[in-house]
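All remarks here apply to the structure that follows.
The values are calculated or read from the model by the stated rules, or taken from the named source; none is laboratory data. These numbers were taken from a predicted model, which means no experiment stands behind them. Neighbour counts run over all protein chains shown; Cβ positions are idealised from the backbone, glycine included.
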Amino acid sequence: MSFVQEFKAFAMRGNVIDLAVGVVIGGAFGKIVSVLVDSIIMPVVGVITGGVNFSTLGLKIATDGKGQDVMLKYGAFIQAVVDFLIIAFVVFVAIRAINKMMEASKLSAAEAAPEAPAAPEKTQSEVLLEEIRDLLKAK
């Protein structure tokens, strides 16, 4: 098998395609959540905290030899933690909703499926024949 054919076989496998779709959708979802955090949630948090912008918070720890401040920017870390918590919460809610929908569709599919017919009752002769068979096996 040539290199090109082998690569084509690899790239066209279902798992690779599913992964590519997941990465693209994940990137788009990340943008949506970033806008949600930056434009809606953080301004509300800023009002609650008295107008503090977390991303600009920092602590001057020293001054380098060129007269510039060396800053410990803990605000960016706080912003990243808030972003993560919101993303994790949104993903949790989305997965929970999807699982409930899938569970509901399984239940409705089970209700729609006809029940299997019950096995017919055995006649007296069948019962007797089975007893005879069992006695013969025991000997």
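When you look at residue 124, is it of a type in the set (S, T, N, Q) and touching a helix residue (DSSP H, G or I) at 6+ places or on another chain (Cβ under 6 Å), yes or no?
Judged against the criteria, residue 124 is not a match.
Report the residue count in segment 46-60 for those that are loosely packed, with under 13 Cβ neighbours inside 10 Å and closer than 14 Å to residue 75 by Cβ.
5
Tell me which residues, restricted to segment 1-29, are assigned to a helix (DSSP H, G or I) and farther than 30 Å from residue 90 by Cα.
3, 4, 5, 6, 7, 8, 9, 10, 11
Could you say which residue among 100, 139, 66 is of a type in the set (Lys, Arg) and under 28 Å from residue 33 (Cα atoms)?
After applying the criteria, what remains is 100.
Select from segment 80-139 the residues that are of a type in the set (Lys, Arg), at pLDDT below 85 and part of a helix (DSSP H, G or I) and list them in ascending order.
Scanning segment 80-139 gives a single hit, 106.
Going by the conditions given, is residue 36 surrounded by 10 or more Cβ atoms within 10 Å (Cβ to Cβ) and in contact (Cβ under 8 Å) with a residue 40 or more places away in the chain?
It is true that residue 36 is surrounded by 10 or more Cβ atoms within 10 Å (Cβ to Cβ) and in contact (Cβ under 8 Å) with a residue 40 or more places away in the chain.
Restricting segment 9-45 to residues that are of a type in the set (S, T, N, Q) and within 23 Å of residue 77 (Cβ to Cβ), which is modelled with the lowest pLDDT?
If we filter segment 9-45 for residues that are of a type in the set (S, T, N, Q), which is where we start, we get 15, 34, 39.
Pick out the ones that are also within 23 Å of residue 77 (Cβ to Cβ) and you get 34, 39.
Values: 34: 78, 39: 86.
This residue is 34.
Taking residue 62 as the residue in question, decide whether it is over 24 Å from residue 94 (Cα atoms) and either assigned to a helix (DSSP H, G or I) or not hydroxyl-bearing (Ser, Thr, Tyr) (or both).
Here the answer is yes, as residue 62 does meet what is asked.
How about segment 84-99: which of its residues are surrounded by 11 or more Cβ atoms within 10 Å (Cβ to Cβ) and under 9 Å from the mean Cα position of the chain (by Cα)?
Correct list: 91, 94.
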